[in-house]
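Notes to accompany the following structure.
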Amino acid sequence: MYKSLLSVGGLTILSRGTGFLRDVALSAILGAGGVADAFVVAFRLPNHFRAIFGEGAFNSAYVPSYSRVLETQGPERAKTFASQIFTILLASQIVLLVLAMAFTPELVRLLAPGFESDPTKMDHAISMTRITFPYLLCVTLVTLQSGTLNANRRFTAAAFAPVLLNVVMVMFLGVAFLFPNAGIAASVGVTVSGVLQLVMMLVAARRAGLMEKLVRPRWSTDVRRFFRALGPAVIGSAGVQIAIFADTIISSMLPTGGPSSIYYAERIYQLPIGVIGIAAGTVLLPEMSRRLAQGDAGAALHAQNRTMALTLALSAPFFLMFMLMPREIMQGVFQRGQFTSADAAASAAVLAAYGIGLLPIVLIRSAVASFQARGDTTTPMIASLAAVAFNLALKLLLYKPLGAVGLATATAVGAWINLLILVTLASLKGTMRLDETLARVAVAVDVGCLALGAFIVLAAPSIEDYARHLTTRGELSLLLIGMPAAALYGVTLLGALWLLQVKLPGLPRRFVKARA
């Protein structure tokens, strides 16, 4: 499992790295003005629906269902099941696309009512949304292919697919002068990338002998069971997306630049979420589903604890750096071209607020697997809706006095509530048992964070002053602080793990004996 996790994590790093280059290009070319705000809305709309009907809900219901059929009935029945779901999914996405294209102005007005006061921004958002929405059809089918390949322990193609989105968008931004504006160029890049992702996944599925076919859907026992799991999963995913929809709606009422500051801060804090949290969940869910289908609950719990320990160890330094040095991060990453120091400061405040919720967000995927691997999508739905209700109430309370920072703070608090509910319910049901090794890793992480925090507080100001004497650009300052900080955390963490006698995967036996 660790090999798969590292493989997915490595490709996810590549995806996030190219995504970083994409966002640097966006910030330099679009900045944080009206066109950028319109593109943010146009890019978010298909992604909202994808998260509801695609990655989140679909995978949580499909992967356990497909794994169960594969383990109990064999590959041929699993392929038939996948083909039935593929056909249903394709038909539903075509209907959704036709409706969205017909009612795009109403959709944009519903989800970005603040744009009504700026007709130019509204027109841009409508035009860009019509261009980006077909991306939803492509990427939803990509999600099904990814689930099938992942359940067969083939993770590479699915993990690489998002790289195409980033690379193609950068390519289209590079020829933005051929389009009416850079937002239109980026929007076209989004949809073209969706087509390329789908082609790549179809080729990968065909090579693996897992290619689905268009068939007449049958209301079989397996299909009924899948849809019974999908219903609560859609509601649960919709709950999270309702909160993000609220961000889109409320941020459209903020002054120009508000939606953009949220977007750029999101891009930074989504880096560890994508590399660590999503990679862990991608590997853990099929692993737990397979172990439970084999009747080995102990191995499923062991996999969950090790995944949570690794997730915690890798995400903690990001949490601390987002809280202690958000300004240096935003200046070093984005401040160039049309993206000003004021834009960096606004985004930095949002990043710090988002940082409060980083740890629960990366751990939620592992916690949810306690239920989803057993076919229970109702309990995560209840937890999600409860957290979202609190989240929405807090957004309405904070957005006027705090603006974009208030929206990010509400999101972070909602994530903590969601995680606490999931862990409590899983522990009461006996589907999650946190073990001693996880506790020891948590102690080691605390020690590493103390060293990292002390370095940032005590040494970072002097390093930043030194960097300013060499250049006015923020990249050097970020590198001179970030690299030694990361090294210090890594060395301290490994030392603490060694002292606490935590066995690391792949550790040579002679080293373990010497330590003992």
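The values are calculated or read from the model by the stated rules, or taken from the named source; none is laboratory data. Worth saying up front: this structure is predicted, and the values here are computed from it rather than measured. As a convention, Cβ positions derive from the backbone with ideal geometry for all residues, glycine included, and neighbour counts pool all protein chains shown. These area figures cover heavy atoms from the full protein model, side chains too; ligands, DNA and RNA do not enter into them. Shrake-Rupley method; radii C 1.70, N 1.55, O 1.52, S 1.80 Å.
Odds and ends about this structure:
- Point-to-point label distance, Glu116-Val195, nm (Cα→Cβ direction, 7 Å offset): 3.6
- Rolling a 1.4 Å probe over the protein heavy atoms gives the range 65-114 an accessible area of 47 Å² per residue.
- Estimated FRET transfer efficiency when R0 is 25 angstrom, pair His469-Leu21 (beta carbons, to 0.05): 0.30
- Dipole moment magnitude, nearest 20 debye, the chain about Cα centre, only Lys, Arg, Asp, Glu C-beta charged: 1780
- Net length available on complete extension from Glu76 to Gln294 is 76.6 nm, with 0.36 nm assigned per residue and the Cα-Cα distance removed.
- Tensor-based shape of the chain (alpha-carbon gyration tensor, a/c under 1.5 rounded, otherwise prolate or oblate): oblate
- Average accessible area per residue (Å²) across the range 265-380 - probe 1.4 Å, nucleic acids and ligands excluded: 29
- Neighbours of Thr437 by Cβ distance under 12 Å: Lys/Arg scored +1, Asp/Glu scored -1, total +2.
- Computed with a 1.4 Å probe over protein heavy atoms only, the accessible surface of the range 164-234 comes to 53 Å² per residue.
- Entry note, the chain: the mean residue ellipticity at 222 nm calculated from DSSP H runs of n ≥ 4, each adding -39500 (n - 2.57), is -28500 deg cm²/dmol after division by the residues and rounding to the nearest 500.
- When Lys121, Lys79 are compared by accessible area of protein heavy atoms, the largest-first order is Lys79, Lys121, using a 1.4 Å probe.
- Extension gain, Glu106-Ala342: 0.36 nm per intervening residue step, less the Cα-Cα distance, totals 81.6 nm.
- The apolar share of the surface of the range 35-188, taken as the fraction of accessible area on carbon and sulfur atoms (1.4 Å probe, ligands and nucleic acids excluded), comes to 66 percent.
- Spin-label model distance (nm) - Thr437 vs Leu479, 7 Å beyond Cα toward Cβ: 3.8
- Given R0 = 60 Å, the distance between the Cβ atoms of Ala486 and Thr378 translates into a calculated FRET efficiency of 0.90.
- Net lengthening on full extension, Ser92/Leu420 (0.36 nm per residue, minus Cα-Cα): 114.6 nm
- Label positions at Ala454 and Arg153, each projected 7 Å from the Cα along the C-beta direction, are separated by 4.4 nm.
- Placing a label point 7 Å from the Cα of Ile249 along the Cα-to-Cβ direction, the residues of the range 87-115 with a backbone N closer than 14 Å are 107-115.
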